[in-house]
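What follows draws every value from the coordinates through simple rules; no lab data is involved. None of these values were measured; they are calculated from a predicted model. Don't worry about glycine lacking a Cβ; one is built from the backbone with ideal geometry, like all the others, and counts go over all protein chains shown.
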C-alpha cells in the first residue's frame, strides 16, 4: 500500500536567493523555532505554512525544528515532504513517544539560533504571536511567555485544573505568571543553553530561568480551539505536575543548601518525638498509664520514620538521576534519525527510501 507523502494544501513559495544558499551547519541563525509533535498529521502542514509565512516576513535568518515524538500516523511522512523542499526545516524523530518535555529538550539541544521560540503543533498556538514575543526580547527581556487570556479548552478537564496549578506554582516558586502551561514562549539562547528538563518540567522553565536572573515578561497570545486531531492531555497529568512542582521547588530553593530542608524536617521530627515522649511520661507518672497501653509513642516514631525515608529516597533518586544523565552527557530521549543535519540522510533520499520500500515492486 502506497503512503501519501504530499498534501494538497502544501505550498512553499520560492525563497530568497540568499536563503537558498546552503550555509554551514555550524553557522548560527537568528531565530530557531521548536515544535514538538505527536500524531498531528492534520496539523503539520497548516502549522508549517503559517510559520513559514510569518518568519519569512521578519527578514531574519531562521530554522524550524519539528520534533516527531514517536508518532504512529502520517506525521513523519508529511514532515519529510516539507523538509525535502525547505532546507530551513529540520526534523528530529524520536525512537518512541517520550513526552512533550523530552521532545522540547531534544529540540533545545540541537538549535543554532540566538533566540529560541517554542510553540505547540496542535494548531492552537498562533505563529503570528512570534513577532510580538521577539519584540519583547528586543526590548531587553530574556524570556517572553505567552498568556492564553481567552483560552478555548474544556472547562472541567483543562481550564479549572490549569487555573489551580498556575496559582499554586506562582505562589510556591515566587515566579508570578498567569499561564505556566502555555508552550508559546521565546527565550534568549543563553537562558536555556545549559537547561536540562525531565518529567513534565517544560512548564517550569520560567522558574528555572528566574534562578539565573533572566528578565521575564508575560503577554497575551492568541489561542485557537482545536479543530483537527485529539488532545493528548488528561487529568492524570495533574499528579505529574504536582510531583514535578515539588522537585522544582527543591531545585530552586534547596539544591545548593539541602541541609536547610532536611535539617528543618529533622528538627520537626525531633520536636514531635520530644513532645510525644513528654506526654507519654506524663501519662505514666501522673495518670498511671503504662507505655505499652498507648500507641502514641509507636505511632509517632513510625510515621516520622516513614516520612523521612520516603522524602529522602525521592529527593536522592532525583539527584542521582540528574547525575547519571549530565555527568555522562546522556539525554532523556533517543533519536531515531536526523534530517537536514550534517551527516544525516538528505530529505529527498529519505523520501525515495520510503516510496521504494512501499511500492508494489519492492514487495515482490
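Summary of values
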read-out: Peptides ranked, highest mean first, by Cβ atoms within 10 Å: ranges 76-85, 280-289; value: 76-85, 280-289
read-out: Relative exposure of 306, 184, 201, 242, judged by other C-beta atoms within 10 Å (fewest first); value: 306, 242, 201, 184
read-out: Two-decimal ratio, region 182-230, of alpha-carbon radius of gyration to 2.2 N^0.38 Å; value: 1.38
read-out: Taking the C-alpha atoms of region 50-126, convex hull volume expressed per residue in Å³; value: 104
read-out: Relative contact order for region 33-78, counting Cα pairs under 8 Å that sit 6 or more residues apart, in percent; value: 67
read-out: Fully extended contour minus Cα-Cα distance, from residue 271 to residue 302, at 0.36 nm per residue; value: 9.7 nm
read-out: Approximate spin-label separation residue 278-residue 132, in nm, with each point projected 7 Å along Cα-to-Cβ; value: 5.9
read-out: Using a Förster distance of 41 Å, the FRET efficiency for residue 155-residue 286 (Cβ separation, nearest 0.05); value: 0.10
read-out: Label-to-label distance, nm, for residues given as residue 176 and residue 319 (7 Å Cα→Cβ offset); value: 3.3
